[in-house]
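The values are calculated or read from the model by the stated rules, or taken from the named source; none is laboratory data. Being a predicted model, the structure only gives us computed values, none of them experimental. All Cβ positions, even for glycine, are placed from backbone atoms using ideal geometry, and neighbour counts span all protein chains on display.
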């Protein structure tokens, strides 16, 4: 297939049809490096008209079609060859229904293979959230659903050794293998991990914290989200000065890729009503409690909240 003046509305169904018949499709497009404008602008070369689209447009299209985009290859001027390869969507932690609940996210799981901090669209916004939460001035940090401790690892790299060692980190996860792994990665005395059900925090007698982090955990089916969230704010956060970073998944993982849009029950498409409902509930509740709240992110929506009138460096 060669696309010259075909519109995107014409291209998408042609690629969808091809991908129904084969796992890999190669097609030819106007070289994105030859243009420098917005998608849809035209260029005429040697009497042939082409519609220009930047490489990002094709990367987005591959994701929407649940494909991996392979490295573009130069073809006959002014074309390049693009190849879309369908992702193995069945090999995903979302489908790990045969594992014990505690070990669905353990070291032997598909989830454990994920490296969120190597995804720029995740790491960038997480670091931004830590900065906005004043990580440098926080002293007691609690991470619910800590798994192997990746969130703590980012903080460790952001701070100098004295700043890091002067903080207390507590991570909780229900996977014993994940917390055991985390303890090996964080042997420092100021980092503690517990294997426990986060809905039974009272049993641990943890006290109060001035930063709560939880990425993609509070929306677990076993948690009654809204009352549990309010309990966290009321009973585990410092009343005078505290902050929260909550990550709400707006993505799925499949075939080695992070795909935009969470899969909603009873929908074949991404549907974000439940996501927005939870995010806006937290935002409004925290504002009532005198927190300043920001929402950022893409594949994960990061809610960052800090007490109004407090500014920690």
Kindly indicate whether any position in region 139-162 is in a strand (DSSP E or B), over 21 Å from residue 283 (Cα atoms) and assigned by TED's automatic domain parsing to the domain that holds residue 108. yes
Residues (within 17 Å of residue 305 (Cα to Cα), in contact with a helix residue (DSSP H, G or I) (Cβ under 8 Å, 6 or more places away or on another chain) and part of a loop (DSSP other than H, G, I, E, B)) located in region 204-245: 208, 218
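Residue 270: within 16 Å of the chain's Cα centre (by Cα) and farther than 22 Å from residue 123 by Cα, yes or no?
Numbers: within 16 Å of the chain's Cα centre (by Cα): yes; farther than 22 Å from residue 123 by Cα: yes.
Taking the combined requirement at face value, the residue satisfies it.
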In region 44-61, residue farthest from residue 87 (Cα to Cα) [restricted to those that are free of Cβ contacts under 8 Å to residues at least 24 places away in the same chain and in contact with a strand residue (DSSP E or B) (Cβ under 8 Å, 6 or more places away or on another chain)]: 44
Is it fair to say residue 256 is more than 29 Å from residue 65 (Cβ to Cβ) and exposed (fewer than 14 other Cβ atoms within 10 Å of the Cβ)? no
